[in-house]
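Reading through the structure tokens given below for one structure.
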Amino acid sequence: MMILSKIISLLFPNKCLNCFKYTNSNYLLCDNCYGALNIHTNFFCPNCNLKINSLNQKHNCNFNTYNFNLVIYCMDYKNNIVKNLIHKFKYQKISCIKPTIKQILGTSLSKHQSYFKHNKYIVVPVPLHKYKQRSRGFNQSEIISNLISQIINIKTYNNILIRFKNNPPQANQTNALKRQENAKNIFKINENQKHLIKNKNIILVDDVFTTGSTLNECAKILKQNNANNIIVICLAK
Ligand SMILES: [Zn+2]
Ligand SMILES: [Zn+2]
């Protein structure tokens, strides 16, 4: 398998999706562009954006807007290479981006893997509406969740949450208040699976963190159904 993939990569070298130079690796970014991703390895407070180095660090925030405590966002969305990478991952279904995304997640989570594993965390992706999932062919949050599962060696549950309303895309909502309204009451718990999250710690996963309204709605439902601690992981914010 290793030899075969080596031969394929020699015959069909990858081009960096950002600068279009040939790269000699399985990753879709050249070393220079990968280095410019500036990957974060710490947590952030979703309320005040304070950098938090470990889950043992106590932080009593003055603001309390979110139903989750901490966020890991691997990269900054304002970075054009990041934007480009996520756009291709989300809309062009390039499955060969997966190893690159996995490597980014692995770097970002490297300090926290054993904590998640030893504190009974499970992974739950933000669901798409079934019509949208059918037309896109996949749920990008599910793919990210499965990669996190592989990295930490914990379980992903894809069907805990159900998106029962096909709301207009959040990207079309012009301000934070509209996003909040747009995300309200569009998720529900899957009654057949709600026992799986009782007293469990949860890693809630989405691709991009914008205002956090969608994630906040998901976290609210999880909390209402007796989930314990909720942490959010996104590729970018
Ligand atoms: Zn490049
Ligand atoms: Zn804070």
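Things to note:
- Spin-label model, Phe138/Asn153: points 7 Å from Cα along the beta carbon direction are separated by 2.5 nm.
- When you restrict to C-alpha pairs under 8 Å that are six or more residues apart and normalise by the size of the chain, the relative contact order lands at 21 percent.
- Cross-link reach is defined here as a Cα-Cα straight distance under 16 Å, omitting same-chain residues fewer than 8 places apart; for Lys237 the aspartates and glutamates meeting it are Asp76, Asp206, Asp207.
- GNM flexibility winner over the chain from Glu142, Glu217, Glu181 (Cα, springs under 10 Å): Glu181
- Too-long pairs where the Cα-Cα distance tops 29 Å, listed order kept, from Lys51/Lys220; Lys51/Lys78; Lys178/Lys200: Lys178/Lys200
- Angle in degrees between helix 80-91 and the longest Cα principal axis of the chain, rounded to the nearest 10: 80
- Here the dipole of the chain is about 380 debye; that uses its Cα centre as origin and unit charges on the Cβ of Lys and Arg (positive) and Asp and Glu (negative).
- Exposed chymotrypsin sites (Phe, Trp or Tyr not before Pro) absent: longest stretch of the chain, with sites in DSSP loops and at most 10 other Cβ within 10 Å deemed exposed: 64-237
- Of the residues Pro169, Pro125, Pro46, the one that moves most in a GNM of the chain with alpha-carbon contacts below 10 Å is Pro169.
- Calculated [θ] (222 nm, deg cm²/dmol) that DSSP helices of n ≥ 4 give over the chain, each run adding -39,500 (n - 2.57): -10500 deg cm²/dmol
- Per-residue HN-Hα couplings for the stretch 108-115 [Karplus 6.51, -1.76, 1.60; θ = phi - 60°; Hz; x = Gly/Pro]: 5, 9, 3, 6, 10, 3, 6, 4
- Those aspartates and glutamates that a straight Cα-Cα span of less than 12 Å connects to Lys15, excepting residues fewer than 8 apart in one chain: Asp31
- Hypothetical label at Tyr131: residues of the stretch 161-196 whose amide nitrogen lies under 11 Å (7 Å Cα-Cβ projection): 165-168
- The chain: most fluctuating residue of Ala219, Ala171, Ala36 per GNM, C-alpha cutoff 10 Å: Ala171
- Debye intensity ratio in log₁₀ form over the Cα atoms of the chain, taken at each q of 0.11, 0.14 Å⁻¹: -0.58, -0.94
- Footprinting exposure proxy for His59, His118, His112, His40 (fewest neighbouring C-beta atoms within 10 Å first): His118, His59, His40, His112
- Placing R0 at 25 angstrom, the Cβ-Cβ distance between Asn60 and Lys178 gives a FRET efficiency of 0.25 after rounding to 0.05.
The numbers here are math on the coordinates, done by the rules we state, and not lab data. In this text, all values refer to a predicted model and were calculated from it rather than measured experimentally. FYI the Cβ positions are ideal-geometry reconstructions off the backbone, even for glycines, and counts take in every protein chain you see.
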